[in-house]
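First comes the structure, then the notes that go with it.
The values are calculated or read from the model by the stated rules, or taken from the named source; none is laboratory data. Model, not experiment: these values are computed from the prediction. Every residue, glycine as well, gets a Cβ built from its backbone with ideal geometry; the counts of neighbours run over all protein chains shown. In case anyone asks, the SASA skips ligands and DNA or RNA and just uses the protein heavy atoms, side chains included. Shrake-Rupley method; radii C 1.70, N 1.55, O 1.52, S 1.80 Å.
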Amino acid sequence: EPEVTQTPSHQVTQMGQEVILRCVPISNHLYFYWYRQILGQKVEFLVSFYNNEISEKSEIFDDQFSVERPDGSNFTLKIRSTKLEDSAMYFCASSPSKGITGELFFGEGSRLTVL
Amino acid sequence: QQQVKQSPQSLIVQKGGIPIINCAYENTAFDYFPWYQQFPGKGPALLIAIRPDVSEKKEGRFTISFNKSAKQFSLHIMDSQPGDSATYFCAASDGGAQKLVFGQGTRLTINP
C-alpha cells in the first residue's frame, strides 16, 4: 500500500540552528501538507502546498518556516532558526483530491527536539 | 469559530463496551467531518468520515452520528476491543479551505 514517508524520524538540534524535514508524498497525490503536534496536544495545520506554491498557511507558519518541492518527489519543511517551542512531532500529509476532503494520508512523523 | 471541541480527553471502557466520543463546532461552513485514529509513534490515519447531508454513517464497528442543528457529531465504537486502544481525533474542514481543524483528541483505553 502506498504511504507517505518522512525522514528523519527524530532530530535533536540546538536552538538557533536550521532544520530540514523531508517527506516523500504518495506518488499520484497533488496536495501536500505539513501539520505539527506538540506532545500531548492536538494536531495543528501549518501549511498546504499545491502546484508548486503555498495555497494556505496558518499563523504558526511564520517567516522562520518555508516549504519546497525541489525535485518532484520530495517535499521539505525548513525551519530557519529553531526555537525551543518548535519542539514537536511534524507530520507530512498528502491528498489526491482537489481541495480538502479530509482524505489526508499522514506519514509517521518527524520528532524535532530543540535544546 | 475555527475550533472543534472534543470530549472527553480520556476514556476507559471494558472490552465489548461502546465508547462514545463527542465533538462540537461553530463554523457553519464546515462540510466534512473525519475521524482519525492515532497509535503511539504513528501518524493519524483516517477512520471514517461524514458529510452533513446524512445523520449517520457506519463502517464496520465504527459509527458517526451527526446533528447538524446542534453542530455536533460523535463517534461510537461497537463491541470495542483492546486493539481499539488509541487516540482518536475528530476534525472538520470546509471545501474551500486547504486544512483540517482537529479536536483536542481522546485517549481511549479498552480493558480486556
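Tell me yes or no: at least one residue of segment A:20-33 is farther than 28 Å from B:Pro34 by Cα and surrounded by fewer than 19 Cβ atoms within 10 Å (Cβ to Cβ).
yes
Somewhere in segment B:85-93, is a residue over 13 Å from the mean Cα position of the chain (by Cα), at negative phi and at pLDDT 95 or above?
Yes - at least one qualifying residue is present in segment B:85-93.
Only one of A:Leu84, A:Leu77, A:Leu39, A:Leu104 is more than 10 Å from the chain's Cα centre (by Cα) and over 21 Å from B:Thr87 (Cα atoms); which? Walk me through how you get there before you give the answer.
On the way: A:Leu77 fails: more than 10 Å from the chain's Cα centre (by Cα); A:Leu39 fails: over 21 Å from B:Thr87 (Cα atoms); A:Leu104 fails: over 21 Å from B:Thr87 (Cα atoms).
None of the others qualify; the one that does is A:Leu84.
Is it true that A:Glu53 is open to solvent by 50 Å² or more (accessible area, probe 1.4 Å), farther than 15 Å from B:Lys99 by Cβ and within 12 Å of chain B (Cβ to nearest Cβ)?
Yes.
A:Pro70 passes all but one of (1) within 14 Å of chain B (Cβ to nearest Cβ); (2) assigned to a loop (DSSP other than H, G, I, E, B); (3) farther than 21 Å from B:Gly41 by Cβ; which number fails?
Looking at each condition in turn, A:Pro70 falls short on (1).
Give me a count of the residues in segment B:88-110 that are surrounded by fewer than 18 Cβ atoms within 10 Å (Cβ to Cβ) and either more than 8 Å from chain A (Cβ to nearest Cβ) or among the charged types (D, E, K, R) (or both).
Number satisfying all stated conditions: 3.
When only residues in segment A:41-67 that are outside any loop (DSSP other than H, G, I, E, B) and small (Gly, Ala, Ser) count, which is nearest to A:Glu18 (Cα to Cα)?
Filtering first and then ranking leaves A:Ser66.
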